[in-house]
Amino acid sequence: MIQANYADIQRVLTDERALADAAEAHGTLTGCLCAALGYRFEDWLLEILPEGRAQPLAAATLRELYSETSGALRAPDMDFDLLLPEDAQSIDARAAALAQWCQGFLYGLGSGAVRDAASLPGDVGEIVRDLTEISRVGVDIAQTEESNESAYAELVEFVRVSVQVVFEELEPVRDQPSSPGAPLH
């Protein structure tokens with residue numbers, strides 16, 4: 001369970017002139033943790049910040065998010081959560097953030113040990129294809145607000161569980177040194 005608040009992380013990233021918003025940055029972190037052996041906090045900062053480093057208070061906040069995310073992925077109780085805007089935000093904003101989260105996750109996978117989607121173990125290839133589709137998600141204006149909220153909640157839960165499956169399935173891949181090849185992204 002991530003204790004970090006989306007708005008707080010977004011504020012930190014904006015102040016640090018980040019290359020990604022909070023959802024995409026968290027997706028990138030999660031994808032890299034799933035695919036890269038020994039992925040460090042400093043590696044993540046190099047991905048999301050122009051200079052690859054943050055001011056001390058910002059770095060502490062981001063390090064906490066890194067630690068919480070890494071710990072949640074490794075925990076046996078499936079306590080991992082996506083860093084997304086709170087429910088008080090519009091469904092449009094939350095759907096856009098979910099799409100950005102998925103884009104970041106796919107980028108993170110491609111930056112790690114995953115080079116060829118065809119060689120992914122188990123259900124991971126199908127999950128990658130599904131997350132690619134979700135990265136293009138939008139709100140259906142022909143549907144009711146309740147219907148869109150329900151669809152959004154289902155997608156978030158699907159992504160949350162899928163990420164945990166990817167993390168578990170890629171454990172053997174993370175244990176191998178990277179081999180050259182075409183990146184996934």
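The values are calculated or read from the model by the stated rules, or taken from the named source; none is laboratory data. Since this is a predicted model, take the numbers as computed values, not measurements. Quick reminder, even Gly has a Cβ in these numbers, built from the backbone with ideal geometry, and neighbours come from all protein chains shown.
Reported count of residues in the stretch 14-51, each being in contact (Cβ under 8 Å) with a residue 40 or more places away in the chain and farther than 18 Å from residue 163 by Cα, is 5.
Yes/no per residue for (1) within 28 Å of residue 124 (Cα to Cα); (2) at pLDDT 95 or above; (3) among the aliphatic types (A, V, I, L, M):
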position: 1; (1), (2), (3): yes, no, yes
position: 6; (1), (2), (3): yes, yes, no
position: 16; (1), (2), (3): no, yes, no
position: 22; (1), (2), (3): yes, yes, yes
position: 29; (1), (2), (3): yes, yes, yes
position: 37; (1), (2), (3): yes, no, yes
position: 59; (1), (2), (3): no, yes, yes
position: 63; (1), (2), (3): yes, yes, no
position: 96; (1), (2), (3): yes, yes, yes
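If you filter the stretch 144-170 down to residues that are surrounded by 15 or more Cβ atoms within 10 Å (Cβ to Cβ) and of a type in the set (Gly, Ala, Ser), you find that the one that is farthest from residue 91 (Cα to Cα) is 162.
Restricted to helices (runs of 4 or more DSSP H) entirely inside the stretch 1-110, those with at least 2 residues that are surrounded by 17 or more Cβ atoms within 10 Å (Cβ to Cβ) and in contact with a Lys or Arg (Cβ under 9 Å, 6 or more places away or on another chain) are 22-35, 56-74. Tell me, please, whether a residue that is among the basic types (Lys, Arg) and out of contact with any helix residue (DSSP H, G or I) (no Cβ under 7 Å at 6 or more places or on another chain) can be found in the stretch 59-67. No; the residues of the stretch 59-67 include none that is among the basic types (Lys, Arg) and out of contact with any helix residue (DSSP H, G or I) (no Cβ under 7 Å at 6 or more places or on another chain).
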